[in-house]
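For reference, the structure discussed in these notes is given below.
The values are calculated or read from the model by the stated rules, or taken from the named source; none is laboratory data. Fair warning: this is a prediction, and the values are worked out from it, not measured in the lab. Every residue, glycine among them, receives a Cβ derived from its backbone with ideal geometry; neighbour counts consider all protein chains shown. These area figures cover heavy atoms from the full protein model, side chains too; ligands, DNA and RNA do not enter into them. Shrake-Rupley method; radii C 1.70, N 1.55, O 1.52, S 1.80 Å.
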Amino acid sequence: MNESKNNEKSPVHVTSPLLPGKEVFTKELEDIWSSRWLTNNGKFHQRLEERLSSYLGAPYPSLVSNGTLGLMLALKAFCPPGSEVITTPFSFIATAHAILWCGLIPVFCDIEPEGFGIDPAQIESHITSRTSAILPVHVYGYPCDVEKVDFIAEKYGLSVIYDAAHVFGVRYKGRPITEWGDASVLSFHATKLFNTMEGGAVFSKSEEAQKKINLLRNFGITSETTVEEIGMNAKLNEIQSLWGLLVLDEIDDELARRRELDTLYRNSLSGFEFISIPEIDPDVEWNYAYFPVLFGKAGQAARDAAYDALRAQGIYTRKYFYPLITQVESYASYRDSYTPVAKGISESVLCLPMYGDLGHDVVEHIQDVLWKMG
């Protein structure tokens, strides 16, 4: 049994970052100290792009300093200023923030009740003459209906930028999830399955798009005296790139531990009438990034009671994603967006702790707490 590393006084968080070995990281830092090359496409940066491209089967990677800037770069590359971008409110706030920071207009579409991705059946009703792109969100590692989304985009001549923050390593019908759309933006934040502390990557569909992203992430500079585009500084530094290389060495073991925990959770919670666990599409090779449960008919009151009961035991879950983006104060002008499915899911979902070092005894304790709720 995987014994918990937490004693009774230590809180259990919804996730815990995968760390490289301290000794090997410290040793490799000597190379950076010797070269004094800290950023701007150094050798560790180049190695990480190459290894991620190989591991994920994604040929056109562009490392960036965080996922939000990755979204902004992709939006800048594909969307004319002032145009509309169709997305969903069931996401982290950064998705919509990136759209607005680029001078674009978010248009919020509802989600599917299973898989939680944008509902393709409703996309076309949101398309106008000002629409330039669709920005769907892959949630909890479950891919959107990429085939239908890409079909609609091609039909109307729109770009597709996937917020792929949750789908590191996911494959659909045997193909890397990054093969769909014009670009996919992954987050390598500390809370993600794979991390570079902070960081991310844009995986482009073509070499031409990759070159555009690479130009924009370095101010638009092409030479010491030439600036071709109005870009930004979104580069990933050498220390974080090294960190990512070492974390990548550990990722398969992390996935194996998470897979074991996922099975334990499903077995432990299968008898709860008021809880449902989303099923994994057989065409999807999942990454066990999160463990969401739905309180369904029991609704928000039961979800919030479970959140409070677990928190009282030092177990910190998360209501991903509650409230909806359209319900937060800074998006008050979008509250009329009609997304009832997204609202219902946001009020009933709870993500339980999921990370490789999570003790099996913690899962059993979660089961006990929920059983006592009846």
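Table for the structure above
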| item | result |
| --- | --- |
| Accessible surface of the chain, 1.4 Å probe, proportion on carbon and sulfur as whole % | 50 |
| Order by protection proxy (mean Cβ within 10 Å, highest first), peptides 266-279, 103-116, 22-35, 207-220 | 103-116, 207-220, 266-279, 22-35 |
| Cα-based Rg and Dmax for the stretch 123-167, where Dmax is the largest Cα-Cα distance (Å) | 10.8, 32 |
| Projected area, mean over directions - the stretch 138-244, Cα convex hull, nm² | 8.1 |
| For residue 160, distant residues with modelled amide H under 5 Å away | 134, 182, 183 |
| Overall form of the stretch 173-231 per C-alpha gyration tensor (a/c, 1.5; a/b vs b/c) | oblate |
| For the stretch 198-243: rounded, prolate or oblate by the Cα gyration tensor [a/c cutoff 1.5] | oblate |
| Derived scalar couplings ³J(HN,Hα) [the stretch 76-81; Karplus, 6.51 cos²θ - 1.76 cosθ + 1.60; whole Hz; x for Gly, Pro] | 4, 6, 10, 10, x, x |
| Restricting the stretch 297-347 to trypsin sites (Lys or Arg not before Pro) in coil, as DSSP defines it, with at most 13 other Cβ within 10 Å | 335 |
| Cut-off under 5 Å, modelled amide H: who pairs with residue 337 long-range | none |
| Residues whose placed amide H lies under 5 Å from that of residue 200, excluding near-sequence neighbours | 64, 66, 188 |
| Rel. contact order, % - alpha carbon contacts under 8 angstrom, at least six apart, the stretch 75-132 | 41 |
| Whole-Hz ³J(HN,Hα) from phi, Karplus 6.51 cos²θ - 1.76 cosθ + 1.60, for the stretch 171-179, glycine and proline x | 10, 10, 6, x, 10, x, 5, 6, 6 |
| Å² per residue, accessible surface of the stretch 175-217 at 1.4 Å | 32 |
| If the convex hull is drawn through the Cα atoms of the chain, its volume per residue in Å³ | 145 |
| For the chain, size of Cβ-based charge dipole, Lys and Arg +1, Asp and Glu -1, in debye | 560 |
| Residue 126 accessible area, 1.4 Å probe, all protein chains in place, Å² to nearest 10 | 40 |
| Three-way shape label, the stretch 226-374, alpha-carbon gyration tensor, a/c 1.5 | oblate |
